[in-house]
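Peer 1: Sharing a structure here in structure tokens format.
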Amino acid sequence: MKSKTFSGASPSGWADRLTRALEWTPRQAAVRLILLYLAAKIVMLLAGSRFDADNLTSWMQIIDLELLRHDLWRSLYYLHTQPPLFNLLIGLTLKLGLAAFPWVMLLIYGVVTLGGILAFHAVAADISGRPRLSFIVAAWLCVAPSVLLFSQKLYYDGLVPWMLMMALWGLHSGAVRRSGPRLLFGFSMLAATILLRAMIHPLLLFLAAGIMVALFPGQRRRLIVTAIGPAAAILLVLAKNFMVFGIVQLSSWAPLSLGHTTVERLPVATRIELMHQGKLSRFAPVSVFAPPGDYLKVMPAPAKTGVPLLDNMEKSSGEANWNHVLYTKIGPERVHDALFAMRYAPASFAKVLVTSLYHFHRPASEFKGLERNLAHIRGWDRFSNAVIGLQPTAWFGSSLDKQRPQSIWLQPSYSALLLTLAFLGAGFACLAALLRAVRLRQRPDESLAIPIIIAGFGLFVIMVSSSFDVWENNRAHYDIAPVLLLGALWFVGRRPRSAEAPAA
């Protein structure tokens, strides 16, 4: 009897009890995550936090408020600076009135965030084979300061990561269950994410579809049929931009983003000298994201189109209108300048890439514009960044404390850096499995489909998309962090090859 009592009180006994306590069915785990997330949101509201839409009239990504309210559909058709879905969501919600707008947005962002966390948990538990660890990570996402803050701010970043998670859930569960509706949901959510944020490139949908078709030959017809509609929606927007404006991107700002990381790193005097030598265009001295008035000082005014979105120099609020038609005219010269600047000062561009990786690993909760709600949870944010995020400077104060140390080595989240390394490990593991299959002249196992897609998504954002955000890259990290977590969980949870069971 003594031995039995002692065994129950031993550390291993407590560990066994904890293990059994976390052995829930997927439905039970989902219910607990829902309750935890709702509790966190209620605490946020009780602390005084509200949905922050103070950028509704000023953010350059948002169409003029008056046009959203009274000329929505025409403005969306002629929108060229970015994909249309974010402004469509805002415009439709505004139809309910300004008073209701923040509360409806709070509900939409909250539901999308919760849906994405549940999707993350389901996919992570399945592909990693570690349901308890997956639950712990998903539970952290329910209460993480960055998640709470972005879910209550009018940025598209509050929606992007969770829509990606729901897309991956649809693709994974649809393939496993051979379900057309789930596959359609997955491809549709991926297309919606692409039409929401230009950073998520259309190539990613075709990458995902191609991998699924290659690794699930028995479901090719189902996969192609369910991917056609979402792919067509993206292609229609691209075709519209080409026919109306002569551009082949979802965003006319793409050349400007490239110029921001190349041309603008050169001193103004150098740019002017190179312009006089004919090596840079007439726009070289102009800041790439300058308002329309600055550009019109060095170029003739484009012909009037009769569309307020394209003709107005300013919004009704007095802010500059970055949707002016001139931004569709300057792309070729801006691209030429950027490519020349890369060749002229490669070391400068390399420094920018290193800088982008540095900011990519800073806490997302420190992104500018979140300060209003951050003030209500500054203590929790500081604790989380210090203990969970391993950010050294957080031990000296919150991000709102301007007196804390500013050394560059103290600013990154070293947990975020470790996460990236684990994710890169997943990428190398996927590559090794593909090379092994090629060497053996075999088709890669179906279980590799989602890990390869995850690796492709994450690597594209890290190596391509985030290179243009640079100083705002902690926001880019937030957008892709759940994808990195999925890759890391698969990497640490995968079994050795010798222990792998044959695919069903």
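The values are calculated or read from the model by the stated rules, or taken from the named source; none is laboratory data. Since the structure is predicted, the reported quantities are computational estimates derived from the model, not experimental observations. When we count neighbours, we look across all protein chains shown, and the Cβ atoms used for this are built from the backbone with ideal geometry, even at glycine. Heavy atoms of the whole protein, side chains included, go into the accessibility calculation; ligands, DNA and RNA do not. Shrake-Rupley method; radii C 1.70, N 1.55, O 1.52, S 1.80 Å.
Peer 1: Taking only pairs six or more apart or across chains, which ones have beta-carbon atoms under 8 Å, a first residue in the range 461-475 that is farther than 13 Å from Ala198 by Cβ, and a second residue that is assigned to a helix (DSSP H, G or I) and acidic (Asp, Glu)?
Peer 2: Once the first residue is farther than 13 Å from Ala198 by Cβ and sits in the range 461-475, its partners that are assigned to a helix (DSSP H, G or I) and acidic (Asp, Glu) give Asn474/Glu366; Arg475/Asp157; Arg475/Asp469.
Peer 1: Please tell me if Tyr109 is open to solvent by 30 Å² or more (accessible area, probe 1.4 Å), of a type in the set (Ser, Thr, Tyr) and in contact (Cβ under 8 Å) with a residue 40 or more places away in the chain.
Peer 2: It is false that Tyr109 is open to solvent by 30 Å² or more (accessible area, probe 1.4 Å), of a type in the set (Ser, Thr, Tyr) and in contact (Cβ under 8 Å) with a residue 40 or more places away in the chain.
Peer 1: Taking Thr57 and the conditions (1) at pLDDT 95 or above; (2) in contact with a helix residue (DSSP H, G or I) (Cβ under 6 Å, 6 or more places away or on another chain), which numbered condition does it fall short on, given that it satisfies the others?
Peer 2: All conditions are met except number (1).
Peer 1: For the range 84-166, list the helices (runs of 4 or more DSSP H) that sit wholly inside it and hold at least 1 residues that are acidic (Asp, Glu); which are they?
Peer 2: Here the list reads 101-128.
Peer 1: Go over the candidates Ser287, Ser281, Ser316, Ser252 one by one and state the one that is in a loop (DSSP other than H, G, I, E, B) and within 23 Å of Arg69 (Cα to Cα).
Peer 2: Answer to the selection: Ser316.
Peer 1: State all residues of the range 134-150 that are touching a helix residue (DSSP H, G or I) at 6+ places or on another chain (Cβ under 7 Å), in contact (Cβ under 8 Å) with a residue 60 or more places away in the chain and more than 21 Å from Ile453 (Cα to Cα); if no residue qualifies, say none.
Peer 2: Of everything in the range 134-150, those that are touching a helix residue (DSSP H, G or I) at 6+ places or on another chain (Cβ under 7 Å), in contact (Cβ under 8 Å) with a residue 60 or more places away in the chain and more than 21 Å from Ile453 (Cα to Cα) turn out to be Phe135, Ala139, Leu141, Cys142, Val143, Ala144, Pro145, Ser146, Leu148, Leu149, Phe150.
Peer 1: Restricting the range 227-249 to residues that are open to solvent by 30 Å² or more (accessible area, probe 1.4 Å) and in a loop (DSSP other than H, G, I, E, B), which is farthest from Gln61 (Cα to Cα)?
Peer 2: Gly246
Peer 1: Of the conditions (1) more than 30 Å from Gly48 (Cβ to Cβ); (2) assigned to a helix (DSSP H, G or I); (3) out of contact with any Pro (no Cβ under 8 Å at 6 or more places or on another chain), Leu79 clears all except one; give me its number.
Peer 2: (2)
Peer 1: Can I ask one more? Anything in the range 323-332 that is open to solvent by less than 40 Å² (accessible area, probe 1.4 Å) and either among the hydrophobic types (A, V, I, L, M, F, W, C) or part of a loop (DSSP other than H, G, I, E, B) (or both)? List them, or say none.
Peer 2: Result: Asn323, His324, Val325, Leu326, Ile330.
Peer 1: Kindly establish whether Ala341 is open to solvent by less than 50 Å² (accessible area, probe 1.4 Å), in contact (Cβ under 8 Å) with a residue 60 or more places away in the chain and either of a type outside the set (D, E, K, R) or not in a helix (DSSP H, G or I) (or both).
Peer 2: yes
Peer 1: Additional query: Being open to solvent by 60 Å² or more (accessible area, probe 1.4 Å) and either under 24 Å from Leu485 (Cα atoms) or polar (S, T, N, Q) (or both) is the filter here; which residues of the range 377-386 pass it?
Peer 2: Trp380, Arg382, Phe383 - these are the residues of the range 377-386 that are open to solvent by 60 Å² or more (accessible area, probe 1.4 Å) and either under 24 Å from Leu485 (Cα atoms) or polar (S, T, N, Q) (or both).
Peer 1: The conditions are (1) among the aliphatic types (A, V, I, L, M); (2) touching a residue at least 24 places away in the same chain (Cβ under 8 Å); (3) open to solvent by 10 Å² or more (accessible area, probe 1.4 Å), and Leu88 fails exactly one of them. Which is it?
Peer 2: Unmet condition: (2).
Peer 1: Another question, then. Return yes when Ser179 is among the hydroxyl-bearing types (Ser, Thr, Tyr) and either out of contact with any helix residue (DSSP H, G or I) (no Cβ under 8 Å at 6 or more places or on another chain) or touching a residue at least 12 places away in the same chain (Cβ under 8 Å) (or both) and no when it is not.
Peer 2: no
Peer 1: Would you tally the residues in the range 290-313 being within 19 Å of His260 (Cβ to Cβ), in a loop (DSSP other than H, G, I, E, B) and within 31 Å of the chain's Cα centre (by Cα)?
Peer 2: Summing the residues that are within 19 Å of His260 (Cβ to Cβ), in a loop (DSSP other than H, G, I, E, B) and within 31 Å of the chain's Cα centre (by Cα) in the range 290-313 gives 2.
Peer 1: Just one of Val123, Val147, Val104 is farther than 30 Å from Asp311 by Cβ and surrounded by fewer than 21 Cβ atoms within 10 Å (Cβ to Cβ); which is it?
Peer 2: So the residue among Val123, Val147, Val104 that is farther than 30 Å from Asp311 by Cβ and surrounded by fewer than 21 Cβ atoms within 10 Å (Cβ to Cβ) is Val104.
Peer 1: Tell me the residue from Leu400, Leu417, Leu374, Leu448 that is in contact with a Ser or Thr (Cβ under 9 Å, 6 or more places away or on another chain), of a type in the set (A, V, I, L, M) and open to solvent by less than 80 Å² (accessible area, probe 1.4 Å), please.
Peer 2: When all the criteria are applied, what remains is Leu374.
Peer 1: List the pairs whose first member sits in the range 404-432 and is in contact (Cβ under 8 Å) with a residue 12 or more places away in the chain, whose second member is among the charged types (D, E, K, R) and assigned to a helix (DSSP H, G or I), and whose Cβ atoms are under 9 Å apart, counting only residues at least 6 apart or on separate chains?
Peer 2: Close Cβ pairs (under 9 Å, with a partner that is among the charged types (D, E, K, R) and assigned to a helix (DSSP H, G or I)) amount to Gln411/Glu366.
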